[in-house]
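Quick one: the structure is below, questions incoming.
The values are calculated or read from the model by the stated rules, or taken from the named source; none is laboratory data. Remember, predicted model here, so these are calculated numbers, not experimental data. No Cβ is skipped: glycine too gets one built from the backbone with ideal geometry, and neighbour counts run over all protein chains shown. We work out accessible area using only protein heavy atoms, side chains counted, and drop any ligands, DNA or RNA first. Shrake-Rupley method; radii C 1.70, N 1.55, O 1.52, S 1.80 Å.
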Amino acid sequence: MNPPARILFVENGIGYGGAVICLRHLVRNLDRDEFYPAVLTGRGGPLYQDIRNDSEWTCISDRIIDIPYWRNRLLASALARTSPWLGALLNQALSRIDDLVNFLPSFVRTLLFMRRWKPDVVHVNNEPLCNRAALLAARMLHIPVVCHVRGEQRGSFLMRRLFRLPRLFIPVSDWIAAEVEKIGVPRDRIRRIYDGIELDKLDPQADASGLRAAWGIPEGGFAVGLVGLLIPWKGQRLFLDAGRRLLQANPDMHLVIVGGTPDECRPYEDELRALAAEPEFADRVVFAGHIGNMSQAYNALDIVLSASISPEPLGTVVIESMTLARPLIAPAHGGALEMVQHRSTGLLFRPGDADSLAETIQELHDSPDLRRELGTAARRKAYETFAIRTHVEAVQDTYRELLKAGAAPGDTQRDG
């Protein structure tokens, strides 16, 4: 009998958010008789270190110097606005520095790690561009790669070249599958698989009273919350623009921003906090940060909001809020449009339109019956669509397909 196939998961996204959470659900539920996992991440904070509870875990940093932070500061500077050509030149210089001091050491260390650990399959948890070190190392070692695709693709030359390296792709929605096809990936290399969540670990009865008190929301207050990493395309600024229209007319309403901030997006968080400090918000905006117990976080919100200004592939917030029967508002584009049935499992608003968002929030605020009906239908839909066993089995089928096309696991001698 062959030993379990060794699956190396590589996570090199912008920060600890929905993609990492979905990865952990997958790793925890793999069939250990057939597959043995390890996780390699580009970041190593406490949340990532907790992955040790799920599998082997190693961090190979790709941020010796935090170039993305300085790039964001540059793009937000007066220099970039007044001298676009100079800003573009400096951006290119920063990119080349990033290649030398961040990418090259990360690639060498990743290559050496793969040679030592000898995976049978490499599974990158995000797009090829941000995982190019793992893709190139796997290609050099002739290891098949399956690649999750979680975002919209707008094909630069380098990105298109990198999309040639994985054997199979897992887009997380039909919309993303179509995007992958548009940049030239053959349909027979695409396996659309919705993200899976351990639904039974989300508690609809979780007591959120302590959390609401910590946020300063009084009894009888109404909390509207946007859940997601604090990065510009997640739409926190749009949320505040809509909230500005709502707070004066609704003295019971509070705006809650839930989610951590990647290091390179600290200036964006500073901008949001400065905006929320303006008098018209009247101390009714809460920056909750990262919350470990998401059942409590969702239950503390009377309305859950996804407000991404760019189309989002699916969004863990959509899955989790639907599972917990929370009234959900989402933009009518991307994966949300695919998952949320307007006036059945949630409400949709015009993407990027603060007036439309404000009107939709107001409608749900004014209709407790509609909130209850949407939540009940959303929970039923979530259990039909996002069960972890369905997700895991579909992903494992991609590993079996790759392994069947190559050597059986365990054919090569491994160290250790």
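Could you derive backbone 3J(HN,Hα) for region 311-325 from the dihedral phi with the Karplus parameters 6.51, -1.76 and 1.60 (θ = phi - 60°), listing whole Hz in sequence and x where the residue is Gly or Pro?
My calculation for region 311-325 gives x, 9, x, 7, x, 4, 4, 5, 5, 5, 5, 5, 4, 8, 6 Hz in order.
What FRET efficiency do you get for A394 and V108 if R0 is 25 Å and r is their Cβ-Cβ distance, rounded to the nearest 0.05?
Efficiency, rounded to the nearest 0.05: 0.15.
For the chain, just the Cα atoms, rotate onto the principal axes and tell me the three extents in Å, largest first.
68, 54, 38
With all protein chains present, how much of the accessible area of region 238-376 (probe radius 1.4 Å) comes from carbon and sulfur, to the nearest whole percent?
Taking all protein chains in place, region 238-376 shows 46 percent carbon and sulfur surface.
What is the chain's relative contact order, in percent, from Cα pairs under 8 angstrom and six or more apart in sequence?
In percent, rounded to a whole number, it is 17.
I need the phi-derived Karplus couplings for region 171-188: 6.51 cos²θ - 1.76 cosθ + 1.60, θ = phi - 60°, integer Hz, Gly and Pro marked x.
Whole-Hz 3J(HN,Hα) from phi for region 171-188: x, 8, 7, 5, 4, 5, 4, 5, 4, 5, 4, 4, 8, x, 7, x, 4, 6.
A follow-up question, please. At R0 = 25 Å, how high is the FRET efficiency between S310 and L275 if r is their beta carbon distance? Nearest 0.05 is fine.
Once the sixth-power term is evaluated, E becomes 0.80.
Percentage of Cα-Cα pair distances in region 296-416 greater than 23 Å, rounded to whole percent?
That tail contains 41 percent of the Cα-Cα pairs.
Separate question: Does region 270-334 come out rounded, prolate or oblate by the C-alpha gyration tensor, with a ≥ b ≥ c the root eigenvalues, rounded set by a/c under 1.5 and, if not, prolate when a/b is larger than b/c and oblate if not?
Taking the square roots of the gyration eigenvalues as a ≥ b ≥ c, region 270-334 is oblate.
Taking 8 Å as the Cα distance limit and 6 or more residues as the minimum spacing, I'd like the relative contact order of region 279-414 as a percentage.
21
Computed FRET efficiency, Cβ-Cβ of I291 and T82, R0 35 Å: what is it to the nearest 0.05?
0.30
Okay, next question. In whole Hz and in residue order, list the ³J(HN,Hα) couplings for region 380-395 that follow from phi through the Karplus curve 6.51 cos²θ - 1.76 cosθ + 1.60, θ = phi - 60°; x for Gly and Pro.
Karplus-based 3J(HN,Hα) across region 380-395 equals 4, 5, 4, 5, 6, 10, 10, 4, 5, 5, 4, 4, 4, 5, 5, 5 Hz.
State to the nearest 20 debye the size of the charge dipole of the chain about its Cα centre, where the only charges are +1 on K and R beta carbons and -1 on D and E beta carbons.
It comes to approximately 1520 debye.
Further question on the same structure: Report, in whole Å, the centroid distance computed from the Cα atoms of region 11-41 and region 381-397.
15
With charges only on Cβ, +1 for K and R and -1 for D and E, what is the dipole size of region 257-409 about its Cα centre, in debye, rounded to 20?
800
To the nearest 10 degrees, how steeply does helix 236-246 sit against the main Cα axis of the chain, on a 0 to 90 scale?
For 236-246 against the chain, the angle is about 10 degrees.
In whole Å, how far is the Cα centre of region 313-347 from that of region 200-218?
Region 313-347 and region 200-218 have Cα centres separated by 21 Å.
Quick check on region 118-232: what does the Kirkwood estimate of hydrodynamic radius come out to from the alpha carbon pairs, in Å?
17.1
Solvent-accessible area per residue for region 153-231 at a 1.4 Å probe radius, Å²?
Heavy-atom accessible area per residue stands at 48 Å².
Roughly how many nanometres apart are two label points built 7 Å out from the Cα toward the Cβ at R191 and R380?
Once both label points are built, they end up 3.2 nm from each other.
Still on this structure, please answer the following. Taking Rh as the Kirkwood radius computed over C-alpha pairs, what is the Stokes-Einstein D of region 248-366 at 25 °C in a medium of viscosity 0.890 mPa s, expressed in µm² per second?
So the translational diffusion coefficient is about 160 µm²/s.
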